[in-house]
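Engineer: One structure is given below, represented as structure tokens, and several questions about it will come after.
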Amino acid sequence: MLVVEDEPLLLRQLSQALTDAGYAVDTATDGAAADFLGHTESYDAVVLDLGLPKMDGLTVLRRWRESGVTMPVLVVTARGSWHEKVQGIDGGADDYVAKPFQIEEVLARLRALIRRTSGQMTSELVCGDVALSPKLARVTLAGVPVKLTSHEFRVLSYLMHHRERVVSQSELTEHIYAQDFDRDSNTVEVFIARLRKKLGSDLIETIRGLGYRMKAAS
Ligand code: CA
């Protein structure tokens, strides 16, 4: 998740709430940094304030879209500024929220955006006996809650969101760590091993040389 916001308090509240909800969060406080990150990293979704120093949010968004960056973007607009909303949507935003907002509303909109882009219309992801609720950050096995660490949850959530295809180890690594963490792709194997131990050995297939895939529901 990328959060772009130049107000320190709001940035802190947003990144804290998203981290608590189980996302790996990168932050940027100006448009130029956001522009760079959006072009170099792949995010599940972006929260983008429009009023930013160095490069305004709308320009950042247009630059991303012009160069084929398609990740879902939730723009944050000034209160009552209908033209900002219109420009944001014309510029390629997937949704918007006006300041001041409740953090819960931002979280709900982001969940909906991620669901929409990954083609999942239900709020709970199910694979065999395993069910994952992004909203509650909860996983159950045959209806019984299973305790996962935040990294285990991120790995499982990413695999379940992309269950129709093979996910490479490097792609998983990118999605479970915020950029300022040391990225050690070997740890992905550890998380996969722990998930298999907790949720069943045949839940996640290893596709040799390519990565991992959720086992198709039988
Ligand atoms: Ca601002």
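Engineer: May I ask for the angle, rounded to the nearest 10°, between helix 103-117 and the longest principal axis of the chain, with both axes built from Cα atoms and the value confined to 0 to 90°?
Structural biologist: The two axes meet at around 60 degrees.
Engineer: Could you give the dipole magnitude of segment 61-182 about its Cα centre, charging the beta-carbon of Lys and Arg +1 and that of Asp and Glu -1, in debye to the nearest 20? Don't jump to the answer; show the numbers that get you there.
Structural biologist: Numbers: 16 positive and 15 negative charges, 65 e Å.
For segment 61-182, the charge dipole is close to 320 debye.
Engineer: Based on Cβ point charges of +1 for Lys and Arg and -1 for Asp and Glu, what charge dipole magnitude is obtained for the chain about its Cα centre, in debye rounded to the nearest 20?
Structural biologist: Details: 26 positive and 30 negative charges, 170 e Å.
Taking the Cα centre of the chain as origin, the dipole is about 820 debye.
Engineer: Quick check on packing: order 34-42, 76-84 by the mean number of other C-beta atoms within 10 Å, highest mean leading. Display every interim value, and only then the final one.
Structural biologist: Numbers: 34-42: 16.9, 76-84: 15.1.
Going from most to least packed, we get 34-42, 76-84.
Engineer: So for segment 64-104, Kirkwood radius off the Cα pairs, Stokes-Einstein at 20 °C and 1.002 mPa s: how many µm² s⁻¹?
Structural biologist: Details: Rh = 10.8 Å.
Calculated translational D: 198 µm²/s.
Engineer: Would you mind checking the tilt of helix 31-40 against the longest principal axis of the Cα atoms of the chain, expressed as 0 to 90 degrees and rounded to 10?
Structural biologist: Result, in degrees: 30.
Engineer: With the convex hull built on the Cα atoms of the chain, state its orientation-averaged projected area in nm².
Structural biologist: Values: hull surface 48.4 nm².
Mean projected area for the chain: 12.1 nm², to one decimal.
Engineer: Find how much the distance from Arg79 to Ala17 grows on full extension, using 0.36 nm per residue of separation minus their present alpha carbon separation; answer in nm with one decimal.
Structural biologist: Working: separation 62, 0.36 × 62 = 22.32 nm, distance 2.15 nm.
Computed gain between Arg79 and Ala17 is 20.2 nm.
Engineer: Next up: Where does helix 186-199 land angle-wise versus the long Cα axis of the chain, in degrees 0 to 90, nearest 10?
Structural biologist: 60
Bear in mind that the values in this text are calculations on the coordinates, not laboratory data. In this text, all values refer to a predicted model and were calculated from it rather than measured experimentally. So basically every Cβ, Gly included, is an ideal-geometry build from the backbone, and we count neighbours across all protein chains shown.
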